[in-house]
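To keep things clear, I will list the structure first and then write my remarks on it.
The values are calculated or read from the model by the stated rules, or taken from the named source; none is laboratory data. Treat the numbers as computed from the prediction; the structure is a model and nothing was measured. Here the Cβ positions follow ideal geometry from the backbone for every residue, glycine too, while neighbour counts run over all protein chains shown. For accessibility, only protein heavy atoms count, side chains too; no ligands or nucleic acids. Shrake-Rupley method; radii C 1.70, N 1.55, O 1.52, S 1.80 Å.
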Amino acid sequence: MTMPNKSGKYRALKHIVMQTACAEESQTVAADAGLQQPKPRQAAKSGDIPQSDPLLRRLLPEVDHRTVGEILVHPDFARMRRCYVPDTIANYESAVFPGGWQSAAYRTAALGAIVCLWANFDEANRATWPTLALFKRAVSTFGFSSPRQIDDFVRRLTETGHIVQERVVADGRLRLLKPTEKLLAWDREVIAPYYEALQLLYPEPGYGLPIARDPEFHLAQRRCAVEIFPVIGNFLREIVELLPFYNMYQGLNVLLMLADRQATDPDKSMHERDLTEIQHRFRTSRSHIRNIITTAEASGLIIWTEGSRRRFAATPQALAATDLFIAYTLASHDLTYRMAMKEMGRDPGALVR
């Protein structure tokens, strides 16, 4: 399925973001990649950013936080990306992913929902009980799964000791989905790289508690995250170029890796043999990786060398889409950091702009 080249979000994006790559990425892609020379992407000055641009709006109007737009134009964004991609992806490799299955958007969303609902559980308030029904409603916010997929995943997580289903004393028909320490520890590892990436951009006052994997902060952050489930679902759907990859096993992770490699070394196209390395890392079949590449090509995110099917390069559109995804994830984590610190009675620090 061919996705549109630009959405309204990308028309807004071009006003505030670099053209295709920042400073060190602004060289031409090698001639043997068969690409047109991209225009250099230069960091926009904050004064040049239209204040009405939607990417500068808060994800929650009532909470001041780092916005998508200001993260995208940060002069150290490219340096941060080179840490963000490998560090975040590491927690979604099948060797460590809960259940021992491949990562996909609905599974990642489901794991987050399990922890978030448990963190919000109040025995005195039946509406907060993390039942299977409430869990399914929460995951449906993201729109990437079927009830059967969720049932299968819950069954698998129970088998692997990542969750237990506790019977409710007051109502024996109900069971609550409770994450074990095995899942909670993994989830703390999951959110830490996002805050490490934010700390590279905004070192003062920093994000010490999530980086330290603090258990109290972890649960406070997950309690607050429930409030922005609709926000997360919306931004995932708004980046239309990435929609085909969310439910492909490791689809988004593979695309992030390819885009990051292209941005890191824009003068070097990638070779077919690079796919073997990715295949081994994610423990998936070569044909599946090829399917991801084919989908990326159809979506205008990958281009092959003219006359060859052995060398390819990520397009400027791929870099823009993945950069926007990165900025959205960091903005949402900064938002929940500030919400969690306030809940804990701690000062998150003033935003210096």
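Summary of computed values
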| read-out | value |
| --- | --- |
| Subset tally (residues that are exposed (fewer than 12 other Cβ atoms within 10 Å of the Cβ) and either closer than 19 Å to Thr322 by Cα or among the hydroxyl-bearing types (Ser, Thr, Tyr) (or both)) for region 295-311 | 0 |
| Contacts under 7 angstrom Cβ, first residue in region 259-284 being in a helix (DSSP H, G or I) and open to solvent by less than 50 Å² (accessible area, probe 1.4 Å), partner at pLDDT below 80 and hydrophobic (A, V, I, L, M, F, W, C), 6 or more apart | Ala263/Ala21 |
| Pairs, first within 15 Å of Ala113 (Cα to Cα) and touching a residue at least 40 places away in the same chain (Cβ under 8 Å) in region 145-160, second open to solvent by 40 Å² or more (accessible area, probe 1.4 Å) and not in a helix (DSSP H, G or I), C-beta under 6 Å, six or more apart | none |
| Failed condition for Met248, given (1) closer than 18 Å to Thr88 by Cα; (2) open to solvent by 20 Å² or more (accessible area, probe 1.4 Å); (3) assigned to a helix (DSSP H, G or I) | (3) |
| Sole residue being of a type in the set (A, V, I, L, M) and either within 23 Å of Thr141 (Cα to Cα) or in contact with a strand residue (DSSP E or B) (Cβ under 6 Å, 6 or more places away or on another chain) (or both), chosen from Ala95, Ala90, Ala119, Ala124 | Ala119 |
| Tally of residues being surrounded by fewer than 21 Cβ atoms within 10 Å (Cβ to Cβ) and either touching a helix residue (DSSP H, G or I) at 6+ places or on another chain (Cβ under 9 Å) or under 12 Å from Arg338 (Cα atoms) (or both) across region 220-238 | 12 |
| Odd one out for Ala197 among (1) surrounded by fewer than 23 Cβ atoms within 10 Å (Cβ to Cβ); (2) in contact with a Cys (Cβ under 8 Å, 6 or more places away or on another chain); (3) not acidic (Asp, Glu) | (1) |
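Rundown of residues vs (1) under 21 Å from the mean Cα position of the chain (by Cα); (2) farther than 30 Å from Trp304 by Cβ; (3) at pLDDT 95 or above; (4) surrounded by fewer than 19 Cβ atoms within 10 Å (Cβ to Cβ), yes/no style:
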{"site": "Gln51", "(1), (2), (3), (4)": "no, yes, no, yes"}
{"site": "Arg57", "(1), (2), (3), (4)": "yes, yes, no, yes"}
{"site": "Arg66", "(1), (2), (3), (4)": "yes, yes, yes, no"}
{"site": "Ala124", "(1), (2), (3), (4)": "no, yes, no, yes"}
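Matching residues to (1) modelled with pLDDT under 95; (2) acidic (Asp, Glu); (3) surrounded by 15 or more Cβ atoms within 10 Å (Cβ to Cβ):
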residue: Ser145; (1), (2), (3): yes, no, yes
residue: Ala170; (1), (2), (3): yes, no, no
residue: Arg173; (1), (2), (3): yes, no, no
residue: Leu184; (1), (2), (3): no, no, yes
residue: Gly206; (1), (2), (3): yes, no, no
residue: Glu216; (1), (2), (3): no, yes, no
